[in-house]
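Asker: Take this structure, written in structure tokens, and hold onto it; I'll ask about it next.
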Amino acid sequence: MSVGDAFVEVRGGELRVGDRYREQVLVVGEGARVEVVPTHPVNVPTRVATHIMVDVHPPVVVEGEGSFWVSVPYELEVRVGDLAVAYLSPTKVKFAVFGEVTGGLLCRYSRSRAFEGPAHEVGKAPMLVRYESERTALVDIVVVPAYTPIYVRGEGEYYYATVKGKVSQGVIVATPAGPPPVEGVREVRGVRVAARIMRMFREVFSE
């Protein structure tokens with residue numbers, strides 16, 4: 001299978017995975033149960049982001065209470081049985097700092113239009129943003145926690161959890177709130193992460 005820049009291939013007892021940042025081969029044996037699920041966009045090329053920043057372009061005018069949808073990047077977690085063995089990004093990874101350069105939030109950065117309904121794009125999942133604004137405002141940034149839950153409906157239809165926040169100086173800093181944005185979804189649950197992945201992240205941070 002392939003999604004954007006990411007690919008996963010099982011052949012002859014080997015699992016081949018890759019994206020624009022790395023490729024690797026793992027020996028899994030014949031008949032191994034390989035599953036690919038969406039996960040939070042914080043693992044590629046390494047774990048540094050704590051939040052996701054969506055640059056809403058063009059900006060959207062809001063007033064009072066309301067909502068709009070944006071498209072938010074996700075990554076793919078490759079599982080063998082109940083073990084996560086690789087993380088892949090279907091799209092190019094960019095980072096940005098929200099707030100002060102020192103002490104600000106390091107975010108996975110992405111750009112999206114504001115949509116009236118859920119829009120599915122390659123490597124991105126729709127997120128419903130609910131807002132409260134005391135006055136008419138122009139919103140161009142939405143910031144949410146990187147570990148906002150992700151849901152799956154059917155085969156490969158992904159959604160982020162609904163988030164809610166107040167508008168301040170053109171920014172909505174939102175957190176997960178309320179029920180899933182659509183019916184018939186199930187939340188993607190975490191599994192054990194292979195020790196080699198954890199060693200890789202530790203080695204990067206220690207450099």
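Asker: If only one of T46, T39 is within 20 Å of Y151 (Cα to Cα), hydroxyl-bearing (S, T, Y) and surrounded by 14 or more Cβ atoms within 10 Å (Cβ to Cβ), which one is it?
Answerer: Being within 20 Å of Y151 (Cα to Cα), hydroxyl-bearing (S, T, Y) and surrounded by 14 or more Cβ atoms within 10 Å (Cβ to Cβ) holds for just one of T46, T39, which is T39.
Asker: Would you confirm whether any residue within region 155-169 is of a type in the set (A, V, I, L, M) and within 22 Å of V3 (Cα to Cα)?
Answerer: yes
Asker: Let me ask you something else. Any idea which of (1) aliphatic (A, V, I, L, M); (2) surrounded by fewer than 17 Cβ atoms within 10 Å (Cβ to Cβ); (3) touching a residue at least 60 places away in the same chain (Cβ under 8 Å) is the one V129 doesn't satisfy?
Answerer: Failing condition for V129: (2).
Asker: Determine whether V167 is in contact (Cβ under 8 Å) with a residue 60 or more places away in the chain and either touching a Gly at 6+ places or on another chain (Cβ under 8 Å) or under 17 Å from M53 (Cα atoms) (or both).
Answerer: Judged against the criteria, V167 is a match.
Asker: What residue, of A32, A49, A84, is touching a Lys or Arg at 6+ places or on another chain (Cβ under 8 Å), of a type in the set (A, V, I, L, M) and in a loop (DSSP other than H, G, I, E, B)?
Answerer: Testing whether each residue is touching a Lys or Arg at 6+ places or on another chain (Cβ under 8 Å), of a type in the set (A, V, I, L, M) and in a loop (DSSP other than H, G, I, E, B) leaves just A49.
Asker: A follow-up question, please. Quickly run through region 85-100 and pick out the residues that are surrounded by 20 or more Cβ atoms within 10 Å (Cβ to Cβ) and either among the small types (G, A, S) or touching a Phe, Trp or Tyr at 6+ places or on another chain (Cβ under 6 Å) (or both).
Answerer: Across region 85-100, the qualifying residues are A86, S89.
For every residue, the table says whether it meets (1) of a type in the set (V, I, T); (2) touching a His at 6+ places or on another chain (Cβ under 6 Å); (3) without any contact (Cβ under 8 Å) to a residue 40 or more places away in the chain.
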site: R22; (1), (2), (3): no, no, yes
site: R33; (1), (2), (3): no, no, no
site: V37; (1), (2), (3): yes, no, no
site: H40; (1), (2), (3): no, no, no
site: V48; (1), (2), (3): yes, no, no
site: V54; (1), (2), (3): yes, no, no
site: E65; (1), (2), (3): no, no, no
site: V72; (1), (2), (3): yes, no, no
site: L83; (1), (2), (3): no, no, no
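Bear in mind that the values in this text are calculations on the coordinates, not laboratory data. All values derive from a computational prediction rather than experimental measurement. A quick note on method: Cβ atoms are made from the backbone with ideal geometry, for glycine too, and the neighbour counts reach across all protein chains shown.
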